[in-house]
1. Could you list, in sequence order, all residues of the stretch 49-69 that are at pLDDT below 85 and part of a helix (DSSP H, G or I)?
2. Can you tell me which residue in the stretch 49-71 is surrounded by the fewest Cβ atoms within 10 Å (Cβ to Cβ), limited to those that are of a type in the set (Asp, Glu) and within 12 Å of the chain's Cα centre (by Cα)?
3. Can you name the residue in the stretch 35-48 that is assigned to a loop (DSSP other than H, G, I, E, B) and either closer than 12 Å to Arg10 by Cα or charged (D, E, K, R) (or both) and, of all such residues, is farthest from the chain's Cα centre (by Cα)?
4. Regarding the stretch 3-11, can at least one residue be identified that is in contact with a Phe, Trp or Tyr (Cβ under 9 Å, 6 or more places away or on another chain), modelled with pLDDT of 85 or more and either within 17 Å of Arg62 (Cβ to Cβ) or part of a loop (DSSP other than H, G, I, E, B) (or both)?
Amino acid sequence: MDHFEQEKLRILILDDHAAVRSTMRQMVLAERFGPMEFEEGKAGPEGLDLVLGQTWDLVVLREGIEALSDLKRIRPDQLILALRVPEV
């Protein structure tokens with residue numbers, strides 16, 4: 001079995017809306033990139049606790065510049081995908 005088939009990426013998705021987190025996990029990430037281990041939480045203090053509690057391959061953050069700056073201050077080497085939703 002190939003190395004990439006054995007290891008699952010560990011991804012943390014942070015957003016204040018459960019439906020958004022679920023959609024990102026199921027429809028965007030899992031379908032495109034294969035086996036992954038996900039955890040979800042709200043942005044803000046809950047999200048920071050999750051980041052500090054474990055090691056993540058990637059943290060996905062949809063909104064919250066404050067949370068992004070806190071994450072980079074606490075874990076400067078953490079890989080973060082910050083998504084910005086355009087205003088309509």
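1. The answer is Ile65, Glu66, Ala67, Leu68, Ser69.
2. Looking at residues that are of a type in the set (Asp, Glu) and within 12 Å of the chain's Cα centre (by Cα), I get Asp57.
3. Pro35
4. yes
The values are calculated or read from the model by the stated rules, or taken from the named source; none is laboratory data. Note that the coordinates shown come from a computational prediction; the quantities given were computed from them, not determined experimentally. Reconstructed Cβ throughout: ideal geometry from the backbone, glycine too, with neighbour counts over all protein chains shown.
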